[in-house]
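The values are calculated or read from the model by the stated rules, or taken from the named source; none is laboratory data. Because the structure is a prediction, the values reported are computed rather than measured. Because the Cβ atoms are built from the backbone with ideal geometry, glycine has one as well, and the counts that use them run over all protein chains shown. Remember, those area values only see protein heavy atoms, side chains included, never the ligands or the DNA or RNA. Shrake-Rupley method; radii C 1.70, N 1.55, O 1.52, S 1.80 Å.
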Amino acid sequence: MKDRIKELKEKFSAQLGTVYDQKSLEELRLAFLSKKGHVSALMSELAKLPGDQKKEAGALINSFKQEISAHFDEKMEQIRKAEEERLINSAESYDESLPEERARGSYHPITLVQRELEDIFGSMGFDVEDYSEIVDDYHCFEALNIPPYHPARDMQDTYYLSTPNQLLKSHTSAAQNSIMHKYGPLLKEKGRPIRAVFPGRCFRNEDIDACHENTFFQMEGIMIDKNISISNLIYFMKTMLSEVFERDVTVRLRPGFFPFVEPGFELDIQCLICGGKGCSSCKDSGWLELCPCGMIHPNVLKYGGINSEEDPYEYTGFAFGLGLTRLAMMKYGVKDIRTFNEGDLNALSQFVSK
Ligand code: DAH
């Protein structure tokens, strides 16, 4: 047995010397240590030895096995290091001739404004919701108290798909009904107020000019609970706008008509450029129209499953529809709305978040 082992040791050392990668090392390991390998063969021979020789021979085989296992581990570590070194030094890993600074992408200005608003509303306890761009007539109009042939549909002519009853949403209000159904049970069973904002891309059949686009972004928000009033609406709007413009803003409400709110308002902020005195940015009025809003119409709360016929005022809420595109224009001083969709990187890469 001693001689067999000696012979195998020599064979092993000779072969180990020729190993240069993980694959050939593994082949060698199998040749020695697998079930059909040399060590197993030694074990079979051991079984055939007379009883008094077994102990000594068994110990020899074991120490041989341990010895070659240690060699394998050591060799594996060497190969791994050499491979790492080769990668670091080879052209595969990096190209020294490349200039250090490479052009980096930047966020679209509307993405920047959207994320900032999501953070602000998130910090006030609002959930941020996503919604599809293709919706049906019910969600875009009827659930919002805009029945077929209602004149308010005129302003929201959009793109209709050839699939019946499918259209590109003309405003983010289209998500209101689904969000009420999603969070209504939590409100009624757990008393958790519904607070959600839902940004999204909207579409309308518009003639395009510096102020109108067929594709633009809005961010809608709703809050529903017991005893929600116009004061809550004003508080949230003012807090949010002061954060966006990084200063205290003065707001006012004017009456505005939207079928899904009653009363409905146009929320204006005092012109940030002239401070209300009147300038060319605010067309000498001292105010800038910013965000339509209002108290959610009882019909809309009913369709959303919030209130029953018997008690249409059990829960109340407010809604607002911020024009994200318009806000981005105001915040960054962009004069032409088309800039956002043209994909001109010279224009779009200038914006950074605060
Ligand atoms: N969805 C309206 C539009 O795009 C804007 C709007 C008005 C949203 C009043 C509201 C609201 O939530 O209360 O023209």
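Numbers below:
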read-out	value
Rule-of-thumb Rg ratio for the stretch 2-90 [Cα; 2.2 N^0.38 Å; N residues]	1.30
Lysine pairs within the stretch 109-348, Cα separation less than 15 Å, 8 or more sequence positions apart or different chains	7
Separation of alpha-carbon centers, the stretch 253-291 and the stretch 100-147, rounded to whole Å	23
Cysteines in the chain lacking a second Cys C-beta under 4.7 Å	140, 202, 211, 291, 293
Under-5 Å amide H pairs with residue 256, H placed in peptide plane, nonlocal only	264, 265, 266
Rough spin-label spacing in nm, given labels placed 7 Å along Cα→Cβ, for residue 230 and residue 277	3.1
Kirkwood Rh in Å, taken over the chain so that all alpha-carbon pairs contribute	26.4
Cleavage-rule hits, trypsin sites (Lys or Arg not before Pro), the stretch 222-278, DSSP coil, Cβ neighbours within 10 Å at most 10	247
Restricting the stretch 238-302 to GluC sites (Glu not before Pro) in coil, as DSSP defines it, with at most 10 other Cβ within 10 Å	246
Chain lengthening between residue 349 and residue 34 when straightened (0.36 nm per residue, less Cα-Cα)	107.3 nm
Restricting the stretch 37-100 to chymotrypsin sites (Phe, Trp or Tyr not before Pro) in coil, as DSSP defines it, with at most 11 other Cβ within 10 Å	94
Gain on full stretching of the segment that runs from residue 115 to residue 149 - 0.36 nm per residue minus C-alpha separation	8.6 nm
Residue-normalised accessible area of the chain, given per residue in Å² at a 1.4 Å probe	57
Paramagnetic reach from residue 208 in the stretch 166-189 [backbone N under 14 Å; point 7 Å along Cα→Cβ]	none
The stretch 209-354 - percent of accessible surface contributed by carbon and sulfur, probe 1.4 Å	51
Extension reserve of the residue 189-residue 302 stretch, reckoned as 0.36 nm per residue once the Cα distance is removed	39.0 nm
Cβ-defined net charge surrounding residue 269, 15 Å radius [Lys, Arg +1; Asp, Glu -1]	+2
R0 of 41 Å, Cβ-Cβ distance residue 242-residue 136: FRET efficiency to nearest 0.05	0.65
